[in-house]
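The structure appears below as structure tokens.
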């Protein structure tokens, strides 16, 4: 589709849900959740059903969006927490501000850049605020920068004050609207990174009202679907205000709006989500912390009128979070130095945004060095690679080897490793060579294990409530 003439490059609005599953949208097939505003966004744009984030938890996934690099290459293997926990997990205290970032590159091209909402790329002593990464304006949680009045200190697990959570999306949208109104005459890039629907979820009675009928009869507390669906629907309502503001200001046709999530939905076995974890990974196996599809395959909606087809559904293009940096820079007319382009793990997917099937040239690769709570069905091997239609998951010692033809078997149920040993050999060589180049660090004894039940207290506990770590292990990552 041909671009409409305009005197400046497009604006970008990047909306990110937190633990928002692939199936947590009406337009992605949920039969009960009401998401009319995001459904409208999809009707006016295109849904991409094979979009992957580059980690199954928050901080590394976000680092990939920001840098166009697989987070393991930056030494970011799990979430940022306290300095003590970071050392135990083998991660730095923050993302390196010297690494080129998407907002800084756009800033250099004349954009005004803002971040509102959850940061979680480092906080506390020694961790710079979001401004050090290329943002002119920012207000955030899980960061060293300015936050919202009354939010208080974050807990050791990185959770914000409980009183702020039910109104967090409203507050983030308020800031985003104010920024857009102020900078409507300039090319802007703004991140609205939500806290919803990350636990702990305690929506207001008003927010829960549409789903009261889903609560168990005769039970004095609401059921998990009531709580979770209420949060999603409220977030959708607030995002509707943001989209309406773009319409009101006449900016919708010149703004690339991107919506996705940072990783798969939380599991009920996690204590802070035990009352509310009703998120849907869609038809896929795996949840948060898993390298199966449900842990890393996210909904992606892109709307750019006159460029991205309205009502489109792309089931073929294989896209990744690392692709946003080179793509946005291409659309913004922000050229990448050859040396930087050569270092990126992402690739320009602007052809997919224009309605064409993108034929990926670089594989997507993952490593998860920690345990995975919950049902053995979700407990993936430690490494994964998606290359073409194949996805290989394996442990470095080959104790588990699983090969799936994803378009034919998106639920990852028919292991074809024994049938296609040549494919296994080729993909294993790629992912093991990549893993060998990553910064070293501690690995949980439970990494890549699908054992059930979990070890007794005193052994490694992936939930973080055991008496202590097992021999040779570190503390597990907190639930965030």
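Just one of (1) surrounded by 15 or more Cβ atoms within 10 Å (Cβ to Cβ); (2) within 21 Å of residue 25 (Cβ to Cβ); (3) at pLDDT 90 or above trips up residue 209, so point out which.
(1) is the only condition that residue 209 fails.
Considering only residues that are under 21 Å from residue 33 (Cβ atoms), part of a strand (DSSP E or B) and touching a helix residue (DSSP H, G or I) at 6+ places or on another chain (Cβ under 7 Å), which ones fall in segment 288-314?
Across segment 288-314, the qualifying residues are 299, 301, 302, 303.
Only one of (1) out of contact with any helix residue (DSSP H, G or I) (no Cβ under 6 Å at 6 or more places or on another chain); (2) over 25 Å from residue 57 (Cβ atoms); (3) touching a residue at least 40 places away in the same chain (Cβ under 8 Å) fails for residue 247. Which number is that?
(3)
How about segment 194-225: which of its residues are part of a helix (DSSP H, G or I) and within 27 Å of residue 120 (Cβ to Cβ)?
Residues of segment 194-225 that are part of a helix (DSSP H, G or I), as a first pass: 205-214, 224-225.
207, 208, 224, 225, listed by residue number.
Of all residues in segment 171-188, count the ones that are under 17 Å from residue 135 (Cα atoms) and free of Cβ contacts under 8 Å to residues at least 40 places away in the same chain.
Here the count works out to 2.
For segment 124-152, how many residues are farther than 16 Å from residue 164 by Cβ and assigned to a loop (DSSP other than H, G, I, E, B)?
10
With segment 24-99 as the region, which helices (runs of 4 or more DSSP H) entirely inside it contain at least 1 residues that are modelled with pLDDT of 95 or more and within 18 Å of the chain's Cα centre (by Cα)?
Filter on segment 24-99 gives 36-44, 58-67.
What number of residues within segment 241-287 are outside any loop (DSSP other than H, G, I, E, B) and crowded, with 18+ Cβ neighbours inside 10 Å?
15
Scan segment 399-418 for residues that are out of contact with any helix residue (DSSP H, G or I) (no Cβ under 7 Å at 6 or more places or on another chain) and either assigned to a strand (DSSP E or B) or touching a residue at least 12 places away in the same chain (Cβ under 8 Å) (or both) and jot them down. First the steps, then the outcome.
In the first step, residues of segment 399-418 are kept if they are out of contact with any helix residue (DSSP H, G or I) (no Cβ under 7 Å at 6 or more places or on another chain); the result is 399-400, 402, 404-409, 411, 413-416, 418.
Matches in segment 399-418: 399, 400, 402, 404, 405, 406, 407, 408, 411, 413, 415, 416.
For every residue, the table says whether it meets (1) over 24 Å from the mean Cα position of the chain (by Cα); (2) more than 27 Å from residue 10 (Cα to Cα).
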| site | (1), (2) |
| --- | --- |
| 184 | yes, no |
| 189 | no, no |
| 204 | yes, yes |
| 250 | yes, no |
| 260 | no, no |
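Does residue 218 satisfy being out of contact with any helix residue (DSSP H, G or I) (no Cβ under 9 Å at 6 or more places or on another chain), at pLDDT below 95 and surrounded by fewer than 17 Cβ atoms within 10 Å (Cβ to Cβ)? Break it down stepwise before answering.
Values: out of contact with any helix residue (DSSP H, G or I) (no Cβ under 9 Å at 6 or more places or on another chain): yes; at pLDDT below 95: yes; surrounded by fewer than 17 Cβ atoms within 10 Å (Cβ to Cβ): yes.
So residue 218 fits the description; yes.
For every residue, the table says whether it meets (1) at pLDDT below 50; (2) loosely packed, with under 13 Cβ neighbours inside 10 Å; (3) closer than 19 Å to residue 292 by Cβ; (4) under 26 Å from the mean Cα position of the chain (by Cα).
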{"residue": "417", "(1), (2), (3), (4)": "no, no, yes, no"}
{"residue": "431", "(1), (2), (3), (4)": "no, no, yes, yes"}
{"residue": "440", "(1), (2), (3), (4)": "no, yes, no, yes"}
{"residue": "464", "(1), (2), (3), (4)": "yes, no, no, yes"}
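Consider residue 330 carefully, then state whether it is more than 19 Å from the chain's Cα centre (by Cα) and at pLDDT 95 or above.
Values: more than 19 Å from the chain's Cα centre (by Cα): yes; at pLDDT 95 or above: yes.
Taking the combined requirement at face value, the residue satisfies it.
Mind counting the residues in segment 1-23 that are in contact with a helix residue (DSSP H, G or I) (Cβ under 9 Å, 6 or more places away or on another chain) and at pLDDT below 95?
3
Mind listing whichever residues of segment 372-398 are at pLDDT 95 or above, in a loop (DSSP other than H, G, I, E, B) and closer than 19 Å to residue 289 by Cα?
Of everything in segment 372-398, those that are at pLDDT 95 or above, in a loop (DSSP other than H, G, I, E, B) and closer than 19 Å to residue 289 by Cα turn out to be 379, 380, 381, 382, 395, 396.
Which residue, of 60, 92, 71, is in contact with a helix residue (DSSP H, G or I) (Cβ under 8 Å, 6 or more places away or on another chain) and more than 20 Å from residue 431 (Cβ to Cβ)?
Checking each option against the conditions leaves just 92.
The values are calculated or read from the model by the stated rules, or taken from the named source; none is laboratory data. What you are looking at is a predicted structure, and each value in this text was computed from that prediction instead of being measured. Quick reminder, even Gly has a Cβ in these numbers, built from the backbone with ideal geometry, and neighbours come from all protein chains shown.
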